[in-house]
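The values are calculated or read from the model by the stated rules, or taken from the named source; none is laboratory data. Note that the structure is predicted; figures quoted are calculated from it, not measured. Glycine also receives a Cβ, built like all others from the backbone with ideal geometry; neighbour counts cover every protein chain displayed. For accessibility, only protein heavy atoms count, side chains too; no ligands or nucleic acids. Shrake-Rupley method; radii C 1.70, N 1.55, O 1.52, S 1.80 Å.
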Amino acid sequence: MKLDLTYKGAATEFVVNLKLDEAILEDRPADVIQEAYARLYSGDFVLETGKMKLVWGKGDELHVVDLLNANDYTDFIFPDYADRRLAEPMVHLAWNSASGLRAEAVWAPTLTADRVPTSGFWAPARALTLASLVESYATYQGLQTYGETYGAVLGAGGSAAAASAAASLAQTAYLSDHSDAAAFLPDTDQLDFGQYGLRLTGTAGSLDWGVSYYLGHF
């Protein structure tokens, strides 16, 4: 079920897009709110802020300069381009001149990475290979943790039985904390992973042109 809510005032607009399905409710309840943002009109300026999807570039289902929102590849039946994009918290300011020139600036304080399935029938082969390598690395690190803990307990005067028990607990705890590939990824929900973008677009005769600048973690 999808529910789109919009309020429009003289100089303001509020948009909330909701989506309910089994996968979202079970795995990603925060995605029930697909978008939620406010828009303010002031003369030639438009200010938007909230959880948004911002599309830059022109094309049919492919926007090569559209870098601010990630893609969700977990559904084999691809929805439309905008529907498979993941909304980001961001602030977007646009200036529209009378001549048709448009200047935009955007800041997204955090980063959401592309969602690629690492299990199931539709998982890409490269994703499965990477997940397998990470699992092997986790097993190796678990063995390292076992050995380090075992040696530390013996060095502190503990018995072999106590050292073995402590090492087993440490190994189990490590493997539990690193049970999938995501445990090795950085926490991108912080300001160190902020993204910035500038864009200038216009029209010259029959030609549409645009220049974009992006600084972030693509």
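Filter segment 17-70 down to residues that are of a type in the set (Gly, Ala, Ser) and over 18 Å from the mean Cα position of the chain (by Cα) and give me whichever is modelled with the lowest pLDDT.
The extreme case among them is GLY59.
For ILE24, only one of the following conditions fails: (1) among the hydrophobic types (A, V, I, L, M, F, W, C); (2) touching a helix residue (DSSP H, G or I) at 6+ places or on another chain (Cβ under 7 Å); (3) part of a strand (DSSP E or B). What is its number?
Only one criterion in (1) among the hydrophobic types (A, V, I, L, M, F, W, C); (2) touching a helix residue (DSSP H, G or I) at 6+ places or on another chain (Cβ under 7 Å); (3) part of a strand (DSSP E or B) is unmet by ILE24, namely (3).
Evaluate segment 115-126: report whether one residue or more is within 26 Å of ARG199 (Cβ to Cβ) and either without any contact (Cβ under 8 Å) to a residue 60 or more places away in the chain or aromatic (Phe, Trp, Tyr) (or both).
Yes, that holds for at least one residue.
Take the residues of segment 87-98 that are open to solvent by less than 20 Å² (accessible area, probe 1.4 Å) and either in a loop (DSSP other than H, G, I, E, B) or not acidic (Asp, Glu) (or both): which is farthest from TYR37 (Cα to Cα)?
ALA94
Across segment 153-193, what is the total count of residues that are outside any helix (DSSP H, G or I), loosely packed, with under 13 Cβ neighbours inside 10 Å and of a type in the set (Ser, Thr, Tyr)?
So the answer is 2.
If I ask for residues that are within 18 Å of ASP189 (Cβ to Cβ), open to solvent by less than 70 Å² (accessible area, probe 1.4 Å) and without any contact (Cβ under 8 Å) to a residue 12 or more places away in the chain, which ones from segment 21-67 would you list?
Passing the criteria: only ARG28.
From GLN195, GLN171, grab the single residue that is touching a Gly at 6+ places or on another chain (Cβ under 8 Å), over 29 Å from ILE24 (Cα atoms) and among the polar types (S, T, N, Q).
GLN171
Which ones in segment 67-85 are within 22 Å of ALA38 (Cβ to Cβ) and either among the charged types (D, E, K, R) or touching a helix residue (DSSP H, G or I) at 6+ places or on another chain (Cβ under 8 Å) (or both)?
Within segment 67-85, ASP83, ARG85 meet the criteria.
Being of a type in the set (Asp, Glu) and modelled with pLDDT under 90 is the filter here; which residues of segment 167-207 pass it?
ASP177, ASP180, ASP187, ASP189
Quick one: how many residues across segment 110-130 are part of a loop (DSSP other than H, G, I, E, B) and either out of contact with any Pro (no Cβ under 7 Å at 6 or more places or on another chain) or exposed (fewer than 15 other Cβ atoms within 10 Å of the Cβ) (or both)?
11
From the list TYR140, TYR196, TYR214, which one is out of contact with any helix residue (DSSP H, G or I) (no Cβ under 8 Å at 6 or more places or on another chain), of a type in the set (Phe, Trp, Tyr), open to solvent by 70 Å² or more (accessible area, probe 1.4 Å) and part of a strand (DSSP E or B)?
Selected residue: TYR196, the only one of TYR140, TYR196, TYR214 that is out of contact with any helix residue (DSSP H, G or I) (no Cβ under 8 Å at 6 or more places or on another chain), of a type in the set (Phe, Trp, Tyr), open to solvent by 70 Å² or more (accessible area, probe 1.4 Å) and part of a strand (DSSP E or B).
How many residues are among the small types (Gly, Ala, Ser) and either under 18 Å from GLY194 (Cα atoms) or modelled with pLDDT of 95 or more (or both) when one looks only at segment 78-94?
2
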